[in-house]
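Below is one structure, written out as C-alpha coordinates; comments come after it.
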(Lines give C-alpha, C1' and ligand atoms only; values in the text may rest on other atoms or scores of the structure.)
Protein backbone atom coordinates (compact mmCIF):
# COMPACT_ATOMS: atom_id res chain seq x y z
CA UNK A 1 0.00 0.00 0.00
CA UNK A 2 2.71 2.52 1.01
CA UNK A 3 4.64 1.70 -2.15
CA UNK A 4 1.64 2.55 -4.32
CA UNK A 5 1.17 5.88 -2.52
CA UNK A 6 4.71 6.91 -3.55
CA UNK A 7 4.18 6.11 -7.25
CA UNK A 8 3.93 8.87 -9.84
CA UNK A 9 0.41 9.93 -10.82
CA UNK A 10 -0.88 12.51 -13.32
CA UNK A 11 -1.35 15.87 -11.62
CA UNK A 12 -4.66 17.71 -12.10
CA UNK A 13 -4.51 20.09 -15.07
CA UNK A 14 -6.70 23.10 -15.94
CA UNK A 15 -8.47 21.33 -18.79
CA UNK A 16 -12.08 21.00 -19.95
CA UNK A 17 -12.22 17.40 -18.71
CA UNK A 18 -11.93 18.55 -15.09
CA UNK A 19 -14.74 21.06 -15.54
CA UNK A 20 -16.94 18.26 -16.89
CA UNK A 21 -16.00 16.04 -13.93
CA UNK A 22 -16.94 18.84 -11.53
CA UNK A 23 -20.34 19.39 -13.14
CA UNK A 24 -21.16 15.67 -13.35
CA UNK A 25 -20.08 15.11 -9.73
CA UNK A 26 -22.35 17.91 -8.52
CA UNK A 27 -25.20 16.56 -10.63
CA UNK A 28 -24.69 13.07 -9.19
CA UNK A 29 -24.77 14.38 -5.61
CA UNK A 30 -27.92 16.40 -6.28
CA UNK A 31 -29.77 13.53 -7.97
CA UNK A 32 -28.64 11.05 -5.31
CA UNK A 33 -29.95 13.26 -2.49
CA UNK A 34 -33.20 14.06 -4.32
CA UNK A 35 -33.96 10.44 -5.24
CA UNK A 36 -32.89 8.57 -2.09
CA UNK A 37 -33.58 11.37 0.45
CA UNK A 38 -30.94 10.29 2.98
CA UNK A 39 -30.14 12.20 6.19
CA UNK A 40 -33.81 13.25 6.67
CA UNK A 41 -33.84 15.49 3.62
CA UNK A 42 -37.37 14.53 2.57
CA UNK A 43 -38.79 17.68 4.15
CA UNK A 44 -36.70 19.99 1.93
CA UNK A 45 -37.64 21.13 -1.55
CA UNK A 46 -35.72 20.13 -4.66
CA UNK A 47 -33.90 23.45 -4.98
CA UNK A 48 -32.59 23.34 -1.40
CA UNK A 49 -31.36 19.79 -1.84
CA UNK A 50 -29.82 20.55 -5.25
CA UNK A 51 -27.70 23.31 -3.73
CA UNK A 52 -25.55 20.62 -2.07
CA UNK A 53 -24.64 19.52 -5.60
CA UNK A 54 -23.83 23.13 -6.54
CA UNK A 55 -21.44 23.33 -3.57
CA UNK A 56 -19.68 20.18 -4.79
CA UNK A 57 -19.33 21.53 -8.33
CA UNK A 58 -17.96 24.92 -7.25
CA UNK A 59 -15.35 23.41 -4.93
CA UNK A 60 -14.25 20.82 -7.51
CA UNK A 61 -13.86 23.55 -10.14
CA UNK A 62 -11.66 25.49 -7.72
CA UNK A 63 -9.41 22.57 -6.78
CA UNK A 64 -9.28 20.71 -10.11
CA UNK A 65 -9.21 23.66 -12.52
CA UNK A 66 -8.27 27.00 -10.96
CA UNK A 67 -5.73 25.67 -8.42
CA UNK A 68 -3.56 23.98 -11.11
CA UNK A 69 -3.94 27.13 -13.21
CA UNK A 70 -2.77 29.40 -10.39
CA UNK A 71 -0.16 27.02 -8.89
CA UNK A 72 1.43 25.18 -11.84
CA UNK A 73 4.63 24.35 -9.94
CA UNK A 74 2.68 22.65 -7.15
CA UNK A 75 0.41 20.74 -9.53
CA UNK A 76 3.28 19.35 -11.59
CA UNK A 77 3.66 15.83 -12.95
CA UNK A 78 7.29 16.00 -11.91
CA UNK A 79 6.41 15.71 -8.21
CA UNK A 80 2.80 14.45 -8.12
CA UNK A 81 2.20 11.05 -6.50
CA UNK A 82 -0.73 8.73 -5.83
CA UNK A 83 -0.57 9.78 -2.18
CA UNK A 84 -0.80 13.47 -3.09
CA UNK A 85 -3.85 12.76 -5.23
CA UNK A 86 -5.58 11.04 -2.30
CA UNK A 87 -4.62 13.90 0.05
CA UNK A 88 -6.09 16.36 -2.47
CA UNK A 89 -9.31 14.35 -2.57
CA UNK A 90 -9.49 14.26 1.24
CA UNK A 91 -8.95 18.04 1.32
CA UNK A 92 -11.72 18.51 -1.23
CA UNK A 93 -14.04 16.34 0.86
CA UNK A 94 -13.16 18.33 4.00
CA UNK A 95 -13.91 21.65 2.27
CA UNK A 96 -17.16 20.32 0.80
CA UNK A 97 -18.20 19.08 4.25
CA UNK A 98 -17.39 22.47 5.76
CA UNK A 99 -19.49 24.38 3.24
CA UNK A 100 -22.27 21.80 3.51
CA UNK A 101 -22.29 22.43 7.26
CA UNK A 102 -22.45 26.20 6.78
CA UNK A 103 -25.28 25.80 4.29
CA UNK A 104 -27.20 23.42 6.58
CA UNK A 105 -26.85 25.81 9.51
CA UNK A 106 -28.09 28.70 7.37
CA UNK A 107 -30.90 26.63 5.85
CA UNK A 108 -32.16 25.44 9.23
CA UNK A 109 -31.52 28.76 11.04
CA UNK A 110 -29.57 27.11 13.83
CA UNK A 111 -26.35 28.25 15.58
CA UNK A 112 -23.02 26.69 14.65
CA UNK A 113 -21.85 23.76 16.72
CA UNK A 114 -19.02 21.31 16.35
CA UNK A 115 -21.49 18.45 16.63
CA UNK A 116 -23.29 19.63 13.49
CA UNK A 117 -19.98 20.16 11.68
CA UNK A 118 -18.70 16.69 12.56
CA UNK A 119 -22.06 15.20 11.56
CA UNK A 120 -21.86 16.85 8.12
CA UNK A 121 -18.22 15.78 7.78
CA UNK A 122 -19.12 12.16 8.48
CA UNK A 123 -22.00 12.28 6.01
CA UNK A 124 -19.81 13.76 3.29
CA UNK A 125 -17.11 11.17 3.93
CA UNK A 126 -19.66 8.37 3.60
CA UNK A 127 -20.59 9.69 0.14
CA UNK A 128 -17.09 10.56 -1.03
CA UNK A 129 -14.00 9.12 0.61
CA UNK A 130 -14.28 5.42 -0.20
CA UNK A 131 -15.41 5.77 -3.83
CA UNK A 132 -12.72 8.36 -4.60
CA UNK A 133 -9.90 6.34 -3.01
CA UNK A 134 -11.06 3.24 -4.87
CA UNK A 135 -11.31 5.12 -8.17
CA UNK A 136 -7.82 6.62 -7.67
CA UNK A 137 -6.22 3.20 -7.20
CA UNK A 138 -8.24 1.75 -10.08
CA UNK A 139 -7.29 4.64 -12.38
CA UNK A 140 -3.62 4.36 -11.37
CA UNK A 141 -3.51 0.65 -12.21
CA UNK A 142 -5.30 1.23 -15.53
CA UNK A 143 -2.94 4.02 -16.61
CA UNK A 144 0.14 2.11 -15.47
CA UNK A 145 -0.82 -1.07 -17.31
CA UNK A 146 -1.79 0.82 -20.46
CA UNK A 147 1.46 2.81 -20.65
CA UNK A 148 3.65 -0.18 -19.80
CA UNK A 149 2.01 -2.15 -22.62
CA UNK A 150 2.45 0.77 -25.01
CA UNK A 151 6.15 1.12 -24.16
CA UNK A 152 6.60 -2.63 -24.53
CA UNK A 153 4.92 -2.66 -27.95
CA UNK A 154 7.09 0.18 -29.22
CA UNK A 155 10.23 -1.57 -27.99
CA UNK A 156 9.09 -4.88 -29.50
CA UNK A 157 8.46 -3.41 -32.94
CA UNK A 158 11.46 -1.14 -33.00
CA UNK A 159 14.47 -2.81 -34.60
CA UNK A 160 16.88 -0.01 -33.88
CA UNK A 161 16.45 3.18 -31.92
CA UNK A 162 19.45 5.35 -32.41
CA UNK A 163 19.75 6.96 -35.79
CA UNK A 164 21.78 9.99 -36.70
CA UNK A 165 19.65 13.04 -37.29
CA UNK A 166 20.32 15.16 -40.32
CA UNK A 167 23.37 17.40 -40.20
CA UNK A 168 21.14 20.36 -40.91
CA UNK A 169 21.50 23.73 -39.24
CA UNK A 170 18.27 25.28 -37.97
CA UNK A 171 17.96 29.04 -37.52
CA UNK A 172 15.65 30.12 -34.68
CA UNK A 173 14.28 33.60 -34.08
CA UNK A 174 14.09 34.67 -30.44
CA UNK A 175 11.62 37.04 -28.81
CA UNK A 176 14.27 39.75 -28.87
CA UNK A 177 14.27 41.99 -31.92
CA UNK A 178 16.66 40.86 -34.68
CA UNK A 179 18.21 38.16 -32.46
CA UNK A 180 18.57 34.59 -33.71
CA UNK A 181 20.52 31.48 -32.82
CA UNK A 182 21.27 28.28 -34.67
CA UNK A 183 21.96 24.65 -33.88
CA UNK A 184 22.80 21.47 -35.78
CA UNK A 185 19.92 19.00 -35.72
CA UNK A 186 22.13 16.01 -34.97
CA UNK A 187 23.59 17.77 -31.91
CA UNK A 188 20.21 18.67 -30.41
CA UNK A 189 18.98 16.39 -27.61
CA UNK A 190 16.09 18.17 -25.90
CA UNK A 191 14.74 21.54 -24.78
CA UNK A 192 13.10 22.59 -21.51
CA UNK A 193 10.67 25.47 -21.02
CA UNK A 194 11.56 28.03 -18.37
CA UNK A 195 8.83 30.67 -18.50
CA UNK A 196 9.53 32.91 -21.48
CA UNK A 197 12.92 31.26 -21.92
CA UNK A 198 13.94 27.86 -23.27
CA UNK A 199 16.97 25.81 -22.25
CA UNK A 200 18.50 24.15 -25.32
CA UNK A 201 20.46 21.00 -24.47
CA UNK A 202 22.87 19.76 -27.12
CA UNK A 203 26.11 17.88 -27.64
CA UNK A 204 29.32 19.86 -27.97
CA UNK A 205 32.50 17.83 -28.38
CA UNK A 206 30.66 14.78 -26.99
CA UNK A 207 29.60 16.67 -23.87
CA UNK A 208 26.03 17.67 -23.09
CA UNK A 209 25.71 21.43 -22.71
CA UNK A 210 22.83 23.79 -22.01
CA UNK A 211 22.24 27.26 -23.43
CA UNK A 212 19.29 29.48 -22.49
CA UNK A 213 17.56 31.64 -25.10
CA UNK A 214 14.78 34.23 -24.91
CA UNK A 215 12.19 32.21 -26.82
CA UNK A 216 9.14 30.35 -25.56
CA UNK A 217 8.97 26.61 -26.06
CA UNK A 218 5.81 27.11 -28.14
CA UNK A 219 7.62 29.48 -30.52
CA UNK A 220 10.57 27.08 -30.68
CA UNK A 221 8.19 24.23 -31.50
CA UNK A 222 6.37 26.18 -34.23
CA UNK A 223 9.62 27.10 -35.95
CA UNK A 224 10.58 23.40 -36.06
CA UNK A 225 7.17 21.99 -37.00
CA UNK A 226 8.47 20.57 -40.31
CA UNK A 227 11.12 18.46 -38.55
CA UNK A 228 9.42 15.16 -37.71
CA UNK A 229 12.04 13.95 -35.23
CA UNK A 230 12.04 17.13 -33.10
CA UNK A 231 8.71 17.04 -31.30
CA UNK A 232 6.90 18.39 -28.27
CA UNK A 233 6.49 15.54 -25.78
CA UNK A 234 5.35 17.44 -22.69
CA UNK A 235 4.16 20.91 -21.80
CA UNK A 236 7.74 21.65 -20.67
CA UNK A 237 9.82 19.52 -23.05
CA UNK A 238 10.79 19.05 -26.68
CA UNK A 239 12.95 16.11 -27.65
CA UNK A 240 14.97 14.71 -30.53
CA UNK A 241 13.39 11.27 -30.97
CA UNK A 242 16.44 10.07 -32.89
CA UNK A 243 18.36 10.31 -29.61
CA UNK A 244 16.08 7.86 -27.74
CA UNK A 245 17.75 4.64 -26.62
CA UNK A 246 15.01 3.23 -24.38
CA UNK A 247 11.32 3.73 -23.52
CA UNK A 248 9.50 2.91 -20.30
CA UNK A 249 6.06 3.75 -18.93
CA UNK A 250 4.26 4.72 -15.74
CA UNK A 251 0.84 6.09 -14.79
CA UNK A 252 1.73 9.57 -16.05
CA UNK A 253 2.74 8.49 -19.54
CA UNK A 254 5.93 7.36 -21.26
CA UNK A 255 9.52 8.00 -20.23
CA UNK A 256 12.29 8.46 -22.78
CA UNK A 257 15.90 7.64 -21.99
CA UNK A 258 18.30 9.52 -24.25
CA UNK A 259 21.85 8.77 -25.22
CA UNK A 260 24.41 10.89 -23.35
CA UNK A 261 21.78 12.00 -20.85
CA UNK A 262 21.30 10.41 -17.42
CA UNK A 263 17.84 11.80 -16.62
CA UNK A 264 14.51 10.77 -18.13
CA UNK A 265 12.39 12.87 -20.51
CA UNK A 266 8.64 12.60 -19.77
CA UNK A 267 5.99 12.10 -22.43
CA UNK A 268 2.59 13.26 -21.20
CA UNK A 269 -0.70 11.68 -22.28
CA UNK A 270 -1.45 14.40 -24.83
CA UNK A 271 1.75 13.76 -26.80
CA UNK A 272 1.91 9.95 -26.64
CA UNK A 273 0.22 9.54 -30.08
CA UNK A 274 2.87 11.78 -31.70
CA UNK A 275 5.75 9.79 -30.22
CA UNK A 276 4.08 6.48 -31.04
CA UNK A 277 3.44 7.52 -34.65
CA UNK A 278 7.07 8.55 -35.14
CA UNK A 279 8.44 5.20 -34.03
CA UNK A 280 5.84 3.29 -36.04
CA UNK A 281 6.86 5.15 -39.20
CA UNK A 282 10.55 4.70 -38.48
CA UNK A 283 10.50 1.04 -37.45
Across segment 95-118, what is the total count of residues that are surrounded by 15 or more Cβ atoms within 10 Å (Cβ to Cβ) and touching a residue at least 12 places away in the same chain (Cβ under 8 Å)? 11
If a residue must be closer than 21 Å to residue 225 by Cβ and in a loop (DSSP other than H, G, I, E, B), how many such residues does segment 236-266 contain? 1
So residue 82 ticks every box in (1) at pLDDT 80 or above; (2) farther than 30 Å from residue 268 by Cα; (3) in contact with a helix residue (DSSP H, G or I) (Cβ under 7 Å, 6 or more places away or on another chain) but one. Which box is left unticked? (2)
Boolean, residue 212 is in contact with a strand residue (DSSP E or B) (Cβ under 6 Å, 6 or more places away or on another chain), in contact (Cβ under 8 Å) with a residue 12 or more places away in the chain, closer than 26 Å to residue 15 by Cα and not assigned by TED's automatic domain parsing to the domain that holds residue 11: no
Surrounded by fewer than 16 Cβ atoms within 10 Å (Cβ to Cβ), in a helix (DSSP H, G or I) and in contact (Cβ under 8 Å) with a residue 40 or more places away in the chain: is that true of residue 123 in this structure? no
Whether any residue in segment 117-137 is modelled with pLDDT of 85 or more and out of contact with any strand residue (DSSP E or B) (no Cβ under 8 Å at 6 or more places or on another chain) is what I want to check. yes
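In this structure, is residue 213 touching a helix residue (DSSP H, G or I) at 6+ places or on another chain (Cβ under 7 Å) and within 30 Å of residue 177 (Cα to Cα)? It would help to see each step written out before you state the result.
Working: touching a helix residue (DSSP H, G or I) at 6+ places or on another chain (Cβ under 7 Å): no; within 30 Å of residue 177 (Cα to Cα): yes.
No.
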Among the listed residues 226, 257, 205, which satisfies the condition of being surrounded by fewer than 17 Cβ atoms within 10 Å (Cβ to Cβ) and under 25 Å from residue 152 (Cβ atoms)? 257
Anything in segment 175-209 that is more than 26 Å from residue 78 (Cβ to Cβ) and either part of a loop (DSSP other than H, G, I, E, B) or not assigned by TED's automatic domain parsing to the domain that holds residue 275 (or both)? List them, or say none. 176, 177, 178, 179, 205, 206
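The values are calculated or read from the model by the stated rules, or taken from the named source; none is laboratory data. What you see is a predicted model; the values in this text were computed from it and never measured. Every residue, glycine as well, gets a Cβ built from its backbone with ideal geometry; the counts of neighbours run over all protein chains shown.
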